[in-house]
1. Quote the FRET efficiency, to the nearest 0.05, computed for Asp163 versus Lys77 with a Förster distance R0 of 25 Å and r equal to the Cβ-Cβ distance.
2. Calculate the spin-label point distance for Lys210 paired with Ser242, positioning each point 7 Å from the Cα along the beta-carbon direction, and give it in nanometres.
3. Which listed residue (Leu44, Ala178, Leu430) has the Cα farthest towards the positive end of the charge dipole for the chain, taking +1 on Lys and Arg C-beta and -1 on Asp and Glu C-beta about the Cα centre?
4. Any idea what Rg and Dmax come out to for the chain if you just take the C-alpha atoms, in Å?
5. Ile379 versus His249, label points 7 Å from Cα toward the beta carbon: distance in nm?
6. Heads up, I need the accessible area for Lys290: 1.4 angstrom probe, whole protein in place, Å², nearest 10.
7. How many Å² of accessible area per residue for the stretch 212-368, probe 1.4 Å?
8. In debye, nearest 20: dipole of the stretch 155-293 around its Cα centre with unit charges on the Cβ of K, R (+) and D, E (-)?
Amino acid sequence: MSKSKSSHYQDFKNLDQWLYYLENLHSSEIDLGLTRVGEVAKRLAIDFNFAKVIIVAGTNGKGTTCAFLENALFTTKNQKVAVYSSPHIERFNERLRINKEDIADQPLIDAFKKIELARGDISLSYYEYTTLAAFLVLMDVRPSYIILEVGLGGRLDATNIIDADVAVITTIDLDHQAFLGNNRESIGFEKAGIMRREQIIVVGDNNSPKSVLEHAYSLNAVHGENLFVRGQDFSVEVEKSSWHWQAEHENITDLAPTFIPRDNVATALMVLAKLQVPLSTIFANDIIDKTKVSGRTELIKHADCCDVILDVGHNPQATRYLAKHLRLVKKQGNYDKIYAVVAMLADKDIKASLASLKDEIDFWYTGELEVPRAATSKIMQQELTTFTNEVNCFDNVDEAFRIARQQASTSDLILVFGSFFTVAKIRVQLTKKN
């Protein structure tokens, strides 16, 4: 393997060729554990001691929390701010941003070459390989702040080879049960694995599993000193047209409605307070206004056809939030009907995820994704017909969206959701036309 590998990768001419190679390099798509990636990181001398590192885990809300932190630190600190996140929606380069700009191809290619030389016979998954590549680029760029979004779980995720200065846990709910466990306590334990001693720990879940707090306490974390838990150390009060955030020594009133989930903004504000970022209503509202994330309740408006919401939500907690959001959007936008275009992966809780939206959607359109883990149209149809007769099945997502768009009027709304893959398929069509 080493011989063919060493001669083969020299022929790669662009990023796409490298990514295709990495997709087919390892025996399984998901292979949790730090032994292999940790050994290669050691050979590459990965070290972030030049930066303040924030790591963010959670079932939902990781990407939006990272985006809010990124915007706030970029605005106030006048220093380089980097974010590593996954998966991407349209371009792989989205996974690494430096001062809010996607990384270029060449630094990634250079990093891939270094990893290929260093790993020897150690097999790395696509995610492990690309995470190491991002880390190598960050060592060259040397930003002052590095924000790491955990890929899956926390304890055994490749990002956890780094000892962060701040550990953030957004929410805990059921997802990836085959890898993380079948209940919130088990999943919470895996997420809590990003914590370290003498580290700032922020928990944004308003009903945190005991396993999360017990792990924090086992590391001698103390409330109000280095442990800050929603509902105990910081809180949110909601009024009709505004909301307020407060912690022991901070109080921000008259906050504006958010484009991302408000809970994630509240969590990010606690992190910013501990990073000694000056907080005020004016500052917070400015960052709230700036923080809009692709594929997260993203509204794309059209003058000549119906509006579209794109959301990568793919588990019950995410779709429960999406249902609340749709009720608000329908009222504000005065939409008549809501059409849903959905495709999901087979290893998700499809039934519960869809059921959360049954009272909000008038017509359903489903098609298959072109990925190995995709749920078939037959499976999607079976789950949908348990609560609706308005199901339209197609061979692929593109066709499902095309027909939904033909049948919806300009006063209706189309929701596209269920997976990053689903949103990516449709978003590229919409953004090209806008």
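1. 0.70
2. For the pair Ser242/Lys210, the computed spacing is 4.1 nm.
3. Leu44
4. Over the chain's Cα set, Rg and Dmax evaluate to 21.7, 66 Å.
5. 5.1
6. 90
7. Per residue, the stretch 212-368 has an accessible area of 46 Å².
8. Working: 12 positive and 20 negative charges, 42 e Å.
Computed charge dipole of the stretch 155-293: roughly 200 debye.
The values are calculated or read from the model by the stated rules, or taken from the named source; none is laboratory data. These numbers come from a predicted model, not from an experiment. In this analysis, Cβ positions are derived from the backbone assuming ideal geometry, glycine residues included, and neighbour counts consider all displayed protein chains. Surface areas here come from the heavy atoms of the whole protein model, side chains and all, with no ligands, DNA or RNA. Shrake-Rupley method; radii C 1.70, N 1.55, O 1.52, S 1.80 Å.
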